[in-house]
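Working notes for the structure below.
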Amino acid sequence: MIESTFTLQRSDFRLEVDEAFPGRGVTALFGPSGCGKTTWLRVIAGLERIRDAVIRFDGNSWQDGRTFLPVHRRPIGYVFQDAALFPHMNVEAYLRYGWRRNGRRDDGIPWEEVIGLLELEPLLHRRPASLSGGEAQRVAIGRALLSAPRLLLMDEPLSALDAAARKHILSLLERLKCELSIPVIYVSHSRDEVARLTDHLVLMGRGHVRASGPLAELWTRLDIAAEHGGAASSVVEARVAGHDEAWNLTLLDFPGGRFMVAREALPTGADVRLRIMARDVSITLERQTGTSILNIFPATVTGLAPTGPAQMLVRLDVGGVPLLSGVTRRSAHALGLKPGRKVHAQVKAVALL
């Protein structure tokens, strides 16, 4: 468990936090620029000292009315927006410098594992000036991991990268999440990054926490999803059940049934995360036949919210999994949609994240 309680007043900005979230997986601090995400991260790290703040990790007090652990004594790895590597060292020297200084090498991730996970071997003899932005950020993440952290803090690590570098590092971060057990607090204002990586979401307004909870639940909460407009979506966890060789499809099981998607090179049993846009989910009262749509599931309406003069967002329960559908208000009226109504959800498109 990670606990934070503090109030920061700075000119006309006030940040009030009283929050606890899981000490496992990836927790995203998500919100617009200037809402206090980075300041909160700096308080957790010990880079901002606030009187009467309380910071606890896994039952250990890092800061309270009597205790203040300086940043170098907190078992954290910190990845900033700017990699800020040492210009006089090559990559290997920079990584080994941090690795030797941590003093906890036996408790940390082996050197070879970090180098392999982040694909750093080809970079070891290069100087920072010769690295691309994406390469430099991979090195910075490696340095943070080699410090033997019990908690990894990441402050918009992809914000300065181009699309190709961002895509590559996102795939590496997914590998880290799957293969390492280090909890991560990830600061972002990118919906795509949050949908792809996050387990627990902390949604921030200016200077306060608006909501906090599991990503799939919070992402589909109607008052929050309605703010996303045409980008409203659902995130679904599924598992590869196999492949339909005859029709070149991949079968993905989730608690509400089975998705069929264009074949992906995924091993049977692999866990995957799906993103389904609300605009790609239609609703019928009866299961349709004679349709090209492959993914049709029985569902129950759990809520509705208007998103414009003619549009409505409908929240569905599909085998315990929340799913959003975007329909017109006329369609919602014609179908008699209301909480508790039994319907069928037709999913026209599924994106693997």
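Here are some notes:
- Within region 135-257, percent of DSSP bridges classed antiparallel, to nearest 5: 75
- Peptides 65-72, 339-346 ranked from most to least packed give 339-346, 65-72, packing being the mean of other C-beta atoms within 10 angstrom over each peptide's residues.
- Rough spin-label spacing in nm, given labels placed 7 Å along Cα→Cβ, for H72 and A231: 4.1
- Inter-part distance, region 294-353 to region 149-171, computed on C-alpha centroids, equals 33 Å.
- Three-way shape call for region 221-295 based on the alpha-carbon gyration tensor, with the a/c threshold at 1.5: oblate
- Residues considered: T198, T302, T38. Largest GNM mean-square fluctuation over the chain, using C-alpha springs under 10 Å, is found at T302.
- Pairwise Cα inverse-distance average, inverted: Kirkwood Rh of region 136-243 (Å): 15.6
- Highest-MSF residue in the chain out of E174, E264, E156 [GNM, Cα springs under 10 Å]: E264
- Ratio of the Cα radius of gyration of region 63-215 to 2.2 N^0.38 Å, where N counts its residues: 1.08
- Candidates A20, A246, A305, ranked by Gaussian network fluctuation over the chain, Cα under 10 Å, top entry: A246
- Computed extension length for A20-D58: 12.6 nm, one decimal, from 0.36 nm per residue of separation with the Cα-Cα distance subtracted.
- If R0 is 30 Å, the Cβ-Cβ spacing of R330 and D253 corresponds to a FRET efficiency of close to 0.30.
- Relative to the 2.2 N^0.38 Å rule of thumb, region 36-102 has a C-alpha radius of gyration ratio of 1.33.
- Charge dipole (Cα centre; +1 on Lys/Arg Cβ, -1 on Asp/Glu Cβ; no other charges) of region 235-294 amounts to roughly 160 debye.
- Placed amide H near A211: partners under 5 Å, 5+ positions off or other chain: L203
- From the largest down, region 18-68 spans 34, 24, 17 angstrom on the principal axes of its Cα atoms.
- Environment charge at G31 (Cβ cut-off 12 Å; Lys +1, Arg +1, Asp -1, Glu -1): +2
- In a reduced charge model with +1 at each Lys and Arg Cβ and -1 at each Asp and Glu Cβ, region 125-252 shows a dipole moment near 560 debye about its Cα centre.
- Rounded to the nearest 10 degrees, the inclination of helix 163-179 to the longest alpha-carbon principal axis of the chain is 80 degrees.
- Accessible-area composition of the chain, carbon plus sulfur, in percent [1.4 Å probe]: 50
- The slack between A351 and R191, meaning 0.36 nm per residue of separation minus the straight C-alpha distance, is 56.2 nm.
- Relative contact order [Cα under 8 Å, 6+ residues apart], region 13-155, whole percent: 28
- Region 19-79: relative contact order as a whole-number percent, Cα under 8 Å and 6+ apart: 23
- Solvent-accessible area per residue, Å², over the chain with all protein chains present [probe radius 1.4 Å]: 47
- Per residue, the convex hull spanned by the Cα atoms of the chain amounts to 161 cubic angstrom.
- DSSP bridge orientation in the chain - percent antiparallel, rounded to nearest 5: 80
- Label-point separation, A164 to E264 (7 Å along Cα→Cβ), nm: 2.4
- Helix axis angle, 133-146 relative to the chain longest principal axis, alpha carbon, degrees: 70
- Percent RCO, i.e. relative contact order, over the chain, from Cα pairs under 8 Å lying at least 6 residues apart: 16
The values are calculated or read from the model by the stated rules, or taken from the named source; none is laboratory data. Just so it is clear, the model here is predicted, and its values are computed rather than measured. For neighbour counting, all protein chains shown are included, and Cβ atoms are generated from backbone atoms with ideal geometry for every residue, glycine included. Protein only, heavy atoms only, side chains kept; ligands, DNA and RNA dropped before computing areas. Shrake-Rupley method; radii C 1.70, N 1.55, O 1.52, S 1.80 Å.
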